[in-house]
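Read the structure below first, then the notes.
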Amino acid sequence: MGENLTRGPDTAATLPGAEPRPAGTPKTVGIVWGLLILNTLGSAGAKTIVPLPRSLIQMVTMGSLVAAFALALAVNQRVRIRSSAYVLLLSLLLVSSVISSASLESGTGALFRCFRLTLFVGTLWLLSRWWDGSLTFVRYHIRAYFAVLGSVALGLVVSPGKALPGLYGGRLVGALWPLTPPQIGQYAAVIIGLTALLVIGKRTDRTSAVLVIVPSLVLLALTHTRTATLGLLLGLALAIGSLMLTSAAARRFFTWAVLISVVAAVGFASALQTWFLRGQSQENFSSLTGRAKVWNALLAEPRSAAEKAFGVGLGDKSFGGLPIDNSWLAVYNEQGLIGVTLVAAIIVVLGGVALLRPPSLQRACAIFLISYCAIASYTEAGLGDASPYLLHLALAASLLAAPARAAAPLALPEAPRRHIPRWARRSEVT
């Protein structure tokens, strides 16, 4: 990574009524963010080169969350937090999840997932002290996910057969850590989009950007992940569109992107169609790789009034033994209509705040992240539980936070004026 991607936080503008800005962001905060990302990598996926017991993976991921909370508490010992509508809505979603999980309809694992979500939300509250509208957490995000993709690339080099197994139709998986193609595609798409926006905003040099974007594009192509690709393209289009009136670089980038897309669509139409269909039949493609059947069965399931309102409790995002692969239906199943309402409020509030902000690079990054999560929510689950999607939205919330003003120096009290007697004043004159 280049110099500009690893520099310190940007200097935020001073706004009236903003909260005092902490004196720099401690390095520990970056470590905490990386541990949160490690926790959300999951424990299910392809077979790795060295078989890793599921219990060991869960121990690492859960241990990283406990360590993240402990470090966040250590670096923010006075528990200073900033007001955040996003984390407040997450807290309400947590309360709803505890209520729905208390019946143990989804088993005792539901309470464990509630505990995990509690630590996750608590850590975000502790980190909110450093959410000041700067690009600090964007760089944390890029560095952490680039390291994850580095492990995927290393697994591909060491064992191509394990990294491109026939079980997944030759799509790229994690051979060192069990990561599925959609996960890898998501991580690659997010850091490609964020790095491209940093280049447009002249916050990083092109050499560093190429070193991040090119390998990530190759990994994204090998995953054959349509959701991540569409989320990247549409999210970038919306983000760059928000900059076009104020940035000549954004207009040039958009023009070149359109020209390249047109040439690629004309010259490589057949190859793109083959990549997009992934060898699936028209029937399988129209049913979204079988997802529609699971969705229809879930919606047809009889539910009591309580289950409709609160759901059946946090689970593994599956129904009838099959993955739901839709954030809204997964939330409806586990947290009910109340959960769906809260998740919708999160997207609407973040999107509304982004639209009300003046054009800026931070606003563009937030729009990209919000758009990507909204698009991916149709075929991926994760908006109702601790997941990378909630971290993407937390990053967007940090970018939309009002810049903190620098703490004003302490004013020393004036020394009391000493009374001088009249006779003394006469003697001074004479």
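The values are calculated or read from the model by the stated rules, or taken from the named source; none is laboratory data. Treat the numbers as computed from the prediction; the structure is a model and nothing was measured. Positions of Cβ are backbone-derived with ideal geometry, glycine not excepted, and every protein chain shown enters the neighbour counts. In case anyone asks, the SASA skips ligands and DNA or RNA and just uses the protein heavy atoms, side chains included. Shrake-Rupley method; radii C 1.70, N 1.55, O 1.52, S 1.80 Å.
Any residue at all in segment 285-293 that is within 30 Å of Gly166 (Cβ to Cβ), open to solvent by 80 Å² or more (accessible area, probe 1.4 Å), at pLDDT below 75 and not aromatic (Phe, Trp, Tyr)?
The answer is yes, given that some residue of segment 285-293 is within 30 Å of Gly166 (Cβ to Cβ), open to solvent by 80 Å² or more (accessible area, probe 1.4 Å), at pLDDT below 75 and not aromatic (Phe, Trp, Tyr).
So how many residues does segment 349-364 have that are over 14 Å from Gly241 (Cβ atoms) and either among the β-branched types (Val, Ile, Thr) or open to solvent by 60 Å² or more (accessible area, probe 1.4 Å) (or both)?
Within segment 349-364, residues that are over 14 Å from Gly241 (Cβ atoms) and either among the β-branched types (Val, Ile, Thr) or open to solvent by 60 Å² or more (accessible area, probe 1.4 Å) (or both) number 5.
Taking only segment 199-248 into account, find how many residues are more than 20 Å from Val148 (Cβ to Cβ), of a type outside the set (S, T, N, Q) and open to solvent by 20 Å² or more (accessible area, probe 1.4 Å).
17
Identify the single condition in (1) at pLDDT 95 or above; (2) open to solvent by less than 20 Å² (accessible area, probe 1.4 Å); (3) closer than 20 Å to Ile192 by Cβ that Ala153 does not satisfy, given that it satisfies every other one.
The number of the failed condition is (2).
What number of residues within segment 249-262 are closer than 18 Å to Leu217 by Cα and loosely packed, with under 11 Cβ neighbours inside 10 Å?
Residues that pass the stated criteria total 2.
For residues that are over 28 Å from Ile347 (Cβ atoms) and either without any contact (Cβ under 8 Å) to a residue 12 or more places away in the chain or among the small types (Gly, Ala, Ser) (or both), tally how many sit in segment 71-102.
Residues meeting the conditions: 3.
Would you mind stating whether Asp132 is among the acidic types (Asp, Glu) and surrounded by fewer than 21 Cβ atoms within 10 Å (Cβ to Cβ)?
Judged against the criteria, Asp132 is not a match.
Quick check, is Ala188 aliphatic (A, V, I, L, M), modelled with pLDDT under 95 and surrounded by 19 or more Cβ atoms within 10 Å (Cβ to Cβ)? Write out each step before concluding.
On the way: aliphatic (A, V, I, L, M): yes; modelled with pLDDT under 95: no; surrounded by 19 or more Cβ atoms within 10 Å (Cβ to Cβ): yes.
Considered against the rule, which asks whether it is aliphatic (A, V, I, L, M), modelled with pLDDT under 95 and surrounded by 19 or more Cβ atoms within 10 Å (Cβ to Cβ), Ala188 comes out as no.
Taking the condition within 21 Å of the chain's Cα centre (by Cα) and open to solvent by 60 Å² or more (accessible area, probe 1.4 Å), does Phe120 pass?
On the way: within 21 Å of the chain's Cα centre (by Cα): yes; open to solvent by 60 Å² or more (accessible area, probe 1.4 Å): no.
The answer is no for Phe120.
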